[in-house]
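The values are calculated or read from the model by the stated rules, or taken from the named source; none is laboratory data. Note that the structure is a prediction, hence the values are computed from the model and not measured. Neighbour counts run over all protein chains shown; Cβ positions are idealised from the backbone, glycine included.
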4 protein chains.
Amino acid sequence: MKLVAGCSLHFEVQDESPLVLMLRPRSGAGQWIISETYDLVPPVPVVEYTDLYGNLCQRMTALPGPFEIHTEATVQTAEDIDVDPGAPLTLVQDLPDDALLFVIPSRYCPSDQPAISKKAMEIVADVTPGYDQAEAIRRWINTNIAYQYGVSDATTSALDTLQHGKGVCRDFTHLGISFCRSLSIPARMVVGYLYDLKPMDLHAWFEAYVGGRWYIFDATQTEPKGNRITVAYGRDAADVAFMTQFGPMTLTRMDVWVRTDDGTDE
Amino acid sequence: MKLVAGCSLHFEVQDESPLVLMLRPRSGAGQWIISETYDLVPPVPVVEYTDLYGNLCQRMTALPGPFEIHTEATVQTAEDIDVDPGAPLTLVQDLPDDALLFVIPSRYCPSDQPAISKKAMEIVADVTPGYDQAEAIRRWINTNIAYQYGVSDATTSALDTLQHGKGVCRDFTHLGISFCRSLSIPARMVVGYLYDLKPMDLHAWFEAYVGGRWYIFDATQTEPKGNRITVAYGRDAADVAFMTQFGPMTLTRMDVWVRTDDGTDE
Amino acid sequence: MKLVAGCSLHFEVQDESPLVLMLRPRSGAGQWIISETYDLVPPVPVVEYTDLYGNLCQRMTALPGPFEIHTEATVQTAEDIDVDPGAPLTLVQDLPDDALLFVIPSRYCPSDQPAISKKAMEIVADVTPGYDQAEAIRRWINTNIAYQYGVSDATTSALDTLQHGKGVCRDFTHLGISFCRSLSIPARMVVGYLYDLKPMDLHAWFEAYVGGRWYIFDATQTEPKGNRITVAYGRDAADVAFMTQFGPMTLTRMDVWVRTDDGTDE
Amino acid sequence: MKLVAGCSLHFEVQDESPLVLMLRPRSGAGQWIISETYDLVPPVPVVEYTDLYGNLCQRMTALPGPFEIHTEATVQTAEDIDVDPGAPLTLVQDLPDDALLFVIPSRYCPSDQPAISKKAMEIVADVTPGYDQAEAIRRWINTNIAYQYGVSDATTSALDTLQHGKGVCRDFTHLGISFCRSLSIPARMVVGYLYDLKPMDLHAWFEAYVGGRWYIFDATQTEPKGNRITVAYGRDAADVAFMTQFGPMTLTRMDVWVRTDDGTDE
């Protein structure tokens, strides 16, 4: 599908604030960026660099006063995500080197915590190792964790979410990743846009490496859904914050939209 | 200056032809990509990857029949390029690791050929080592090599250009790079757009590492000119071809434009 | 000083166990590997790769039965570590791109936890921003955290250590890193060898980026001490485990040694 | 086989000379570095970095007077190289991104020269595309190019070698690479050690990407021979010079050895 996705951020900047943004999707295997706009009001100098995971990061310093960021991309996306029930576990010895990073614990995915691995073992007790384990995890989260705003914040880890039983897409994702890693299945966080997400917002989901490749899993959805736009990959939200600020500035308004190219279905 | 730069390529494809394109400028220290369009007619699947130098490369396979590529970017550019007469030579032992690559010879810049280093020594005979050497080289080429179409082709090296005394921007650039490297000054090729270039075309120039940083040198111009958009960096034209094709297809038409954002000065 | 440093690991392997080891120091700015031995008994196939941080990682699969790893390196080290009281804070906007990674929280360094930043602010209350802050943090830990075995394990985070007031070099390091990051000072973990460490073991310390470069800080020591051999860098212990195992195997014995080249001072 | 391979370089240094060396093999898929020695007499500070291809490079500055480098490694090597007659051509569209670099021409492998592609077409006229083409090229060179010292130098390209019909391992390799690339088969240069090479010296051969992987081809040998130690990969000799010097120093003596671990068969 040809999608138009974007976001607007409005800030009130109290004092010079260095910022790192990740708001530029890259063309890749599953998506082609047909056109893109990235506008700063007022304009400030920006340097773009690529982080360790290959994400495009934009560095700038916001100046005191109002500051706005407007980005929009027209992207050719895949209608469906690949699913592959029964795909076998990829043994650790067969993982590509660059997948190994995604089996170790990270800030919000403490997969080394006994409570995480204990629960993961329960969830996959009778499940075929591999794709079906990741899917069982995804489904368990979708069924057992309540989607609820206001119960988690930027410091909430998957362990917290497991204990409280509530959270938003970020928390669902952290929990899915943590369960997978505790079973030695590489799992990584993806942030981006999802068509027809309700309510519309920047979104997060995870990918697990099984059957020799990465597959998409979204614990917030009941069914597999395509038409996703990946903006960044990382170990968890620490790596893929859409914005990291280092100074006093307040986000006063944020709008996110994903619509089809012909203007319908916002 | 806010520039709108782009190009259109029209092909007649005889048989399935894999292509690698480098037509997507990246935001960086000297330029900010405000918006961008990259359209393929008819659409074909594309994979984008980053090459060893950090350039964005688009891989695709063109199908038999007519095929068109349209790209355009709106870019905030620097009005002027930095010049720094007297900036000292950076000794080899003080070069950053990633500059070392640019002192060794490459396909079209055979800086190890005695004829190249002999002439370079002549040109810089009484010149202060460093920036002034690169500038003397640039000026010598601008004065002594005739800008002429049709005398060089895709296999022409800097040695050929030195012998024939004629060429286009690609050849001027290769010669400048070769002279610099023969003096142990790192030099790299840049391809991109230059505002107000006459006649308008995709352009090439070089950068030399002196005084602890890279400086822009353009041997096709009499004066330092800013408002450049870098699309790719590399050792020479082998690395930064805007298009590399691996099948039977014919470029039937190519348009390139650079204009100011308000539509003037195409 | 010319040091001979090494370790021997003896395992009893119950079943095929994939392993990733980081036991090979690399020559770098501060150390030159004169000679090195890396022996596996019985020999198994090994693949070496470089992780995201540039560390050399050795992948192998241990087979059932006894398994031993013996590594030793002769290394020219720096007698002293650089200290630079008064070196200013490097502002976030002036950090190199690859240092930004080291200001975000990680598994064992949850610098985003309010308890961490609150304590860090206390410690550096009247201290000049920059080097002196990192040194104040180092000294505070050295003074206030008790060096004690058996109170922490592989899941212990800096927050745990702050609460319990006890730990080993790994915990001291995580706490130092967390405090620094909460002040927007990039900090990274180093694992390696330290001459004259008592009791001898694999060691860990941290580096903080202030005054435009990385400096070494070791909260386990009362005075700055040189003659260190770096084996790996990373965000925290999750990145730089000297061994990550994915199967049932038991470490039955481990020896670590660092001695001068003439055989004294083990 | 367990091999001990090394070299000694003796220099007379007239004035401070920056050097870049590539003399440190890395453990990898086909070889395990059991032990290694790298000694400089007199010792000078060294910085090691990884180049774009992943090779370990040692930077140093030799001081006036005699200077010696002694390196030796004990390496577990593969007895045989893989051969796979009939393995199909990997189409350009199916190549991994990082193989694309090796189809473009380079300094000593001007595969874009019509004389190269014409001859390559002749050689593979009736040969199945893929492995058999690379093998036909290898055999043609082995049969038709005379192995002869003193007819080529550091500026000799594959085109020169094709015209003169003589050369050494470096030239054989450049020619094989050039032929392959002119057929859109990725080919790269390897430098290293070969057991039982006569006369013993640092050696060079090439690898071609066919049938979905890299295969070894050595045009200097009549039969496939294993027990190779790879020191560096690159596009051609410009990338993988075992030593690049930037100052006045003279190599007065060079010894190279490869023997079995038990001391026989030097």
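Given the criterion at pLDDT 95 or above and outside the structural domain of B:Val210 (by TED's automatic domain parsing), identify the matching residue among B:Gly86, B:Gly130, B:Gly165.
Just one listed residue meets the conditions, B:Gly86.
For residues that are out of contact with any Lys or Arg (no Cβ under 7 Å at 6 or more places or on another chain) and charged (D, E, K, R), tally how many sit in the stretch A:182-217.
Residues in the stretch A:182-217 being out of contact with any Lys or Arg (no Cβ under 7 Å at 6 or more places or on another chain) and charged (D, E, K, R): 4 in total.
Against the conditions (1) in contact (Cβ under 8 Å) with a residue 60 or more places away in the chain; (2) out of contact with any strand residue (DSSP E or B) (no Cβ under 9 Å at 6 or more places or on another chain); (3) within 26 Å of C:Arg235 (Cβ to Cβ), where does A:Leu95 fall short? Just the number, please.
(2)
Taking B:Glu72 as the residue in question, decide whether it is within 9 Å of chain A (Cβ to nearest Cβ), closer than 30 Å to D:Gly234 by Cβ and under 23 Å from the mean Cα position of the chain (by Cα).
no
Given the conditions (1) touching a residue at least 24 places away in the same chain (Cβ under 8 Å); (2) closer than 30 Å to B:Trp32 by Cβ, and given that B:Thr156 satisfies all but one, which numbered condition is not satisfied?
Only one criterion in (1) touching a residue at least 24 places away in the same chain (Cβ under 8 Å); (2) closer than 30 Å to B:Trp32 by Cβ is unmet by B:Thr156, namely (2).
Looking at (1) in contact with a strand residue (DSSP E or B) (Cβ under 6 Å, 6 or more places away or on another chain); (2) away from every other protein chain (no Cβ under 14 Å), find the lone condition where C:Lys198 falls short.
(1)
Wholly within the stretch A:180-266, which strands (runs of 3 or more DSSP E) include no fewer than the required count, namely at least 3 residues that are among the charged types (D, E, K, R)?
On the way: elements: A:187-194, A:203-210, A:213-217, A:228-234, A:243-245, A:249-260.
Answer list for the stretch A:180-266: A:249-260.
Return yes or no: is A:Ser182 farther than 17 Å from A:Leu100 by Cα and within 14 Å of chain C (Cβ to nearest Cβ)?
The answer is no for A:Ser182.
Does the stretch A:235-252 include one or more residues that are of a type in the set (Val, Ile, Thr), more than 29 Å from A:Ile104 (Cα to Cα) and more than 14 Å from chain C (Cβ to nearest Cβ)?
Yes, the stretch A:235-252 has at least one match.
What pairs come up if the first residue lies in the stretch C:105-120 and is more than 18 Å from C:Gln133 (Cα to Cα) and more than 7 Å from chain A (Cβ to nearest Cβ), the second is part of a loop (DSSP other than H, G, I, E, B) and among the polar types (S, T, N, Q), and their beta carbons are under 6 Å apart, counting only those six or more places apart or on different chains?
Between residues of the stretch C:105-120 that are more than 18 Å from C:Gln133 (Cα to Cα) and more than 7 Å from chain A (Cβ to nearest Cβ) and residues that are part of a loop (DSSP other than H, G, I, E, B) and among the polar types (S, T, N, Q), the close pairs are C:Tyr108/C:Ser157.
Which residues, counting only those in the stretch B:6-29, are under 21 Å from the mean Cα position of the chain (by Cα) and either surrounded by fewer than 18 Cβ atoms within 10 Å (Cβ to Cβ) or not assigned by TED's automatic domain parsing to the domain that holds B:Met254 (or both)?
If the condition is that a residue be under 21 Å from the mean Cα position of the chain (by Cα) and either surrounded by fewer than 18 Cβ atoms within 10 Å (Cβ to Cβ) or not assigned by TED's automatic domain parsing to the domain that holds B:Met254 (or both), then B:Ser8, B:Gly28, B:Ala29 are the ones that fit.
Would you check if D:Gly192 is within 14 Å of chain B (Cβ to nearest Cβ), surrounded by 20 or more Cβ atoms within 10 Å (Cβ to Cβ) and closer than 21 Å to D:Ile33 by Cβ?
No.
Restricting the search to the stretch A:129-150, which residues are under 20 Å from A:Pro199 (Cβ atoms) and surrounded by 16 or more Cβ atoms within 10 Å (Cβ to Cβ)?
If the condition is that a residue be under 20 Å from A:Pro199 (Cβ atoms) and surrounded by 16 or more Cβ atoms within 10 Å (Cβ to Cβ), then A:Ile141, A:Asn142, A:Ile145 are the ones that fit.
With respect to D:Glu48, determine if the residue is outside any loop (DSSP other than H, G, I, E, B), more than 22 Å from D:Val190 (Cβ to Cβ) and either of a type in the set (S, T, N, Q) or touching a Leu at 6+ places or on another chain (Cβ under 9 Å) (or both).
no
Restrict the check to the stretch C:175-194 and report whether at least one residue is without any contact (Cβ under 8 Å) to a residue 40 or more places away in the chain and either of a type in the set (D, E, K, R) or in contact with a Pro (Cβ under 9 Å, 6 or more places away or on another chain) (or both).
Within the stretch C:175-194, none of the residues are without any contact (Cβ under 8 Å) to a residue 40 or more places away in the chain and either of a type in the set (D, E, K, R) or in contact with a Pro (Cβ under 9 Å, 6 or more places away or on another chain) (or both).
Table: residues versus (1) more than 8 Å from every other protein chain (Cβ to nearest Cβ); (2) part of a strand (DSSP E or B); (3) modelled with pLDDT under 90.
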| position | (1), (2), (3) |
| --- | --- |
| B:Leu19 | yes, yes, no |
| B:Pro25 | yes, no, no |
| B:Trp32 | no, yes, no |
| B:Tyr38 | no, yes, no |
| B:Val44 | yes, no, no |
| B:Leu52 | no, no, no |
| B:Gln58 | no, yes, no |
| B:Thr61 | no, yes, no |
| B:Glu68 | yes, yes, no |
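Within the stretch D:70-87, how many residues are assigned to a strand (DSSP E or B) and exposed (fewer than 15 other Cβ atoms within 10 Å of the Cβ)?
Result for the stretch D:70-87: 0.
Those residues that are in a helix (DSSP H, G or I) and surrounded by fewer than 22 Cβ atoms within 10 Å (Cβ to Cβ), I need them from the stretch B:96-112; list them, please.
Answer for the stretch B:96-112, where residues must be in a helix (DSSP H, G or I) and surrounded by fewer than 22 Cβ atoms within 10 Å (Cβ to Cβ): B:Asp97, B:Asp98, B:Ala99, B:Leu100, B:Leu101, B:Val103.
Against the conditions (1) within 28 Å of C:Ala62 (Cα to Cα); (2) among the polar types (S, T, N, Q); (3) at pLDDT 95 or above, where does C:Gln245 fall short? Just the number, please.
(3)
Before we move on, is D:Phe217 touching a helix residue (DSSP H, G or I) at 6+ places or on another chain (Cβ under 6 Å), hydrophobic (A, V, I, L, M, F, W, C) and surrounded by fewer than 22 Cβ atoms within 10 Å (Cβ to Cβ)?
So D:Phe217 fails the test.
Considering only the stretch A:121-153, how many residues are within 14 Å of chain C (Cβ to nearest Cβ) and in contact with a Ser or Thr (Cβ under 8 Å, 6 or more places away or on another chain)?
1
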